[in-house]
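Everything below concerns the one structure shown next.
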Amino acid sequence: MRGGLRSWKRGADSRGIRNAISYAFDGTCDAHRREPLGASNAARYADTATVTRHIVVDGVIARDELDGVALRRWIQGENPATGEPRGLVLRSENSDLLLDGTINFPKSYSIAALLDPKLAAEFEALQDCMRDRTITLWQRELNARRGHGGSIREDISRVEVVELQHRRSRALDPHIHRHLWLNMKVQAVDGKWSSLDSRVAMKLHTVINAEGELAARTDPRWIAALAEHGYTLDDDGEIAQLAHLVRPLSRRSNKIDANRMRLIEAWRADHPGREPGADDLRHIDALAWAQGRPGKPVGLDEAKWEQRVRAELAEIDPLLLWHRRPARLETRPIGQLDRDLLAQMAIADADARSVSSSGRFSPWDVRAGAIRSVSRSGVSADRSMLDELIDDVVARALVHTIDLVPQDADKPAHIKALMAIETARLKIRVDNWFAGLAAPGALPNPDQMRAIAGRSAGERSGLDEAQLAAASAIAGTSRLVSVTGPAGSGKTTLLRVARDALALQRRAVLLVAPTKKAAVVAEREVGVAASSLHALLADYGWRWTEDAAGSQRWTHLEPGDIDEATGLRYLGPQRFVLRPGDRVVVDEAGMVDLQSADALARVLAQTGAGVAMIGDPRQAAPVGHVGAMALLTRHADHVVELRAVHRFADPEYGELTLRLRSASGETETAAVATELDERGHVTRVTSTDAAHDAMVGAWLDRAGRGQRVALVVATNDDADAISGAIQERRLEAGDMRADAVAFGRGGQRMLVGDVIQTRRNDRDAGVQNRATWIITGIDDDRISLVNVADSTECRSILASYAAEHAHLAYASTVHGIQGETVDASIVGPGVDAAGLYVGLTRGRVWNEALVVAGSAKTARDEFADSMRRGVPEPTIEDSRRAAQIDLGRAARRAVEPAPDATAPVTAAAMRGGFGLS
């Protein structure tokens, strides 16, 4: 299993049901169509086609077949045989009908299955095992919710899952995978039908994904079959002898996709006002696949398709179809495994995935990490033989954690109430470093600072009192300075004043930022040389690598040490020589992670320089663990909070964003939500699909009027869906053409005129991670770009770079929009507090949030809840409180007394065995 669970919604006029039925029966995965045929398509297939339903009752699996009529009933929560409702039927457009999980193994497995029928049979058996493992885990580990607010947890006796099997991608290349549709209607142990707790299912999916990796790498029957045919697995889990075929085949898929898009556009031109149906799309698929191949067959049957693909693979590797000698089967006995190392790997995995929750993770996260570590150990054994090993690795891993809510021994396994001891120590260590560095100093003469401000700001903008206080603090001699402020508070202007004041004192100022993109922007706006924070740390001898367990380990070189990365002797700092009294200014400091802050604190202690962190901890979090700026602010000698907002055309809205930023309790957040709603900044929509449609329409409308628009969404999947829809609409309107096509990450189509984002710093090309561009030209091997914010900044990237490190960027998560200022900003549903605040403070003229809700009151409640979601937890005490809140929201088996929220956190580690129950 790879990826997450996708929920199918009922949708407007039950569109989700029609979409699901069409998807189940039309035989094509991910077909390009805006409106599936739905009910009419299902009726056509009802008498001739069925799908398999798997029924799991107390761990025992039974199977039957559903036709189109039965499938429709089953999807909408009814008995497929009688149409009788199963419990309360939810009619809301946004109600979940199904959860869709994909059994999706590496693509080289599909190639192997195509090349040899015996391997094809073994691959089917592997997928069967993974399916049965998944659906029995769902029945055993998930729960239903009942009672007021879903507060009562009910164990499940019966779940039902429909399985869809696909052999090809939409480009007709081999991609064998299955969809498992978990029905939201489940039967509890008391025999009553209830709704599945989908939030718990989403959190269990990390275990499901890990089980898929374990099956792919350790199943003895599969591993032996591969070895018999001369194949082995590489470190990434791909078949080593076939992995080199994946990329060329993907490039061919991209060309097919381009052919397909042109054919669809031609079909629409010939049939105004219509959309191609299922038969039309199959015909187009065959034509797109055939273009550029000898003969260009139109009707492509299964045997002919397999023959053609094998021939193409043989063209890529002429030796591919030759007989291979059996490979030596090398596996490690379970008794020879280093279980302590596997436990460390499990914790490293759980910790790395806990960044969004400030270092907190759940027992399920630890188990998933343990399963992944075992899958990469080289062992091969039946799944039942691995249970003892996995349980032992989990138990050893838990020794390296602290329980944030130890007084509740019966916490549900999905609650994130654990933290790695090393992460807890890191939080404490950074806090102690900043406490030790604090040293009050003097402020510059106020009259001199006003004179400097007058010269520096000139007629562009005067400084208000808070900005002048911030500039004075930075230019003063205190070691630690914190300048926090909301978006649009004029931080760049005050930095220019501080720069000039420091220069008059003959004190050096070094401007750094967490990312190269932010450093480039700061250098351009402030007018002083800037660098990434990591470049400064590297100059002072800090190095960061992964250890054997996969954890990031920071080490420090002393002058004279040999740098293992280069083999050269480290000579000490060369680029950034700091002296006592110099000032390091960290811009966008809310995005500094704890590891970097730990190293920076040591550089400051070594050099005697001071630091000023300027930013907003409530905006986008760092890639690593959060809390650096908040911890510095706790001990800073001068803390200045900027209150005035200069970005917005409406000053009253600017004041309201200050309350949006600072509101914390239920009363405060509800008041802010109500006022934003009354001012028209909260828009209620009936479903996630409706929200996406509204965001697409808003972008097209405002961009058509020459405005820059930001669309802020909760997930990368949301961003991809909206970006793809905008591209499609622009094609239909004639704003772009599909005659020149490039491809980004995951084969995403990119056209001239598209808005894209680069995702890796490339010094040669002059592009930065998360910089946003418009494509101005596409050649065979290069793509020409212009910066969306600066038409004089033109770049050119290689097509190979784009394929790995670029994607459409009409919509973005909060990290992609951080630091941008646009005309209008629209925020989609499901974002956390940072996404909501950042999204609603990007637009100078207009900002709006979309909320999925059935009523205005529900919309305001959901908005207020988002304001409290994902708030940073810089200290262990903050994390403990957050874990307690999560626990309070979880359904419980019975009414239990709430644990004492005031009890102190113990550092005692959890020990002993652990299961999924």
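Data for the structure
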| item | result |
| --- | --- |
| Odd one out for LEU386, checked against (1) open to solvent by 50 Å² or more (accessible area, probe 1.4 Å); (2) aliphatic (A, V, I, L, M); (3) more than 25 Å from ILE421 (Cβ to Cβ); (4) outside any loop (DSSP other than H, G, I, E, B) | (1) |
| Helices (runs of 4 or more DSSP H) (entirely within segment 271-379) containing at least 2 residues that are touching a Gly at 6+ places or on another chain (Cβ under 9 Å) and at pLDDT 95 or above | 339-352, 363-375 |
| Considering residues of segment 98-152 that are hydroxyl-bearing (Ser, Thr, Tyr) and surrounded by fewer than 21 Cβ atoms within 10 Å (Cβ to Cβ) only, the residue nearest to the chain's Cα centre (by Cα) | THR102 |
| All positions within segment 727-739 that are under 14 Å from ILE775 (Cβ atoms) and either open to solvent by less than 10 Å² (accessible area, probe 1.4 Å) or assigned to a loop (DSSP other than H, G, I, E, B) (or both) | GLN727, ASP735, MET736, ARG737, ALA738, ASP739 |
| Hey, THR667 within 23 Å of ALA471 (Cα to Cα), among the hydroxyl-bearing types (Ser, Thr, Tyr) and part of a helix (DSSP H, G or I) or not | no |
| Tabulated pairs, segment 434-446, first touching a residue at least 40 places away in the same chain (Cβ under 8 Å) and open to solvent by 60 Å² or more (accessible area, probe 1.4 Å), second acidic (Asp, Glu) and assigned to a loop (DSSP other than H, G, I, E, B), C-beta under 9 angstrom, 6+ apart or interchain | PRO440/ASP637 |
| Matching residues, segment 586-619, being under 24 Å from GLY441 (Cα atoms), in a helix (DSSP H, G or I) and modelled with pLDDT of 95 or more | ALA597, ASP598, ALA599, LEU600, ALA601, ARG602, VAL603, LEU604, ALA605, GLN606, THR607 |
| Count of residues meeting criterion [part of a loop (DSSP other than H, G, I, E, B) and touching a strand residue (DSSP E or B) at 6+ places or on another chain (Cβ under 8 Å)] in segment 761-789 | 10 |
| Residue in segment 205-237 that is least open to solvent (accessible area, probe 1.4 Å), counting only those that are part of a loop (DSSP other than H, G, I, E, B) and closer than 26 Å to TRP364 by Cα | GLY237 |
| Residue list for segment 811-851, filter: assigned to a helix (DSSP H, G or I) and closer than 21 Å to THR674 by Cβ | ALA833, GLY835, LEU836, TYR837, GLY839 |
| Lone unmet requirement of (1) in contact with a His (Cβ under 6 Å, 6 or more places away or on another chain); (2) without any contact (Cβ under 8 Å) to a residue 40 or more places away in the chain for ILE421 | (2) |
| Given (1) crowded, with 17+ Cβ neighbours inside 10 Å; (2) modelled with pLDDT of 95 or more, index of the condition THR776 fails | (1) |
| Residue pairs meeting the criteria (Cβ under 8 Å; at least 6 apart or on separate chains; first in contact (Cβ under 8 Å) with a residue 60 or more places away in the chain, in segment 356-369; second hydroxyl-bearing (Ser, Thr, Tyr) and assigned to a loop (DSSP other than H, G, I, E, B)) | ARG360/SER354; ASP365/SER354 |
| Unique residue being of a type in the set (Ser, Thr, Tyr), in a helix (DSSP H, G or I) and open to solvent by 10 Å² or more (accessible area, probe 1.4 Å) when the list is THR858, THR792 | THR858 |
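The values are calculated or read from the model by the stated rules, or taken from the named source; none is laboratory data. This structure is a prediction, so every number in the text was calculated from the model and none was measured. Positions of Cβ are generated from backbone atoms using ideal geometry, with glycine treated the same way; all protein chains shown enter the neighbour counts. Heads up: the accessible areas ignore ligands, DNA and RNA and are worked out on the full protein's heavy atoms, side chains in. Shrake-Rupley method; radii C 1.70, N 1.55, O 1.52, S 1.80 Å.
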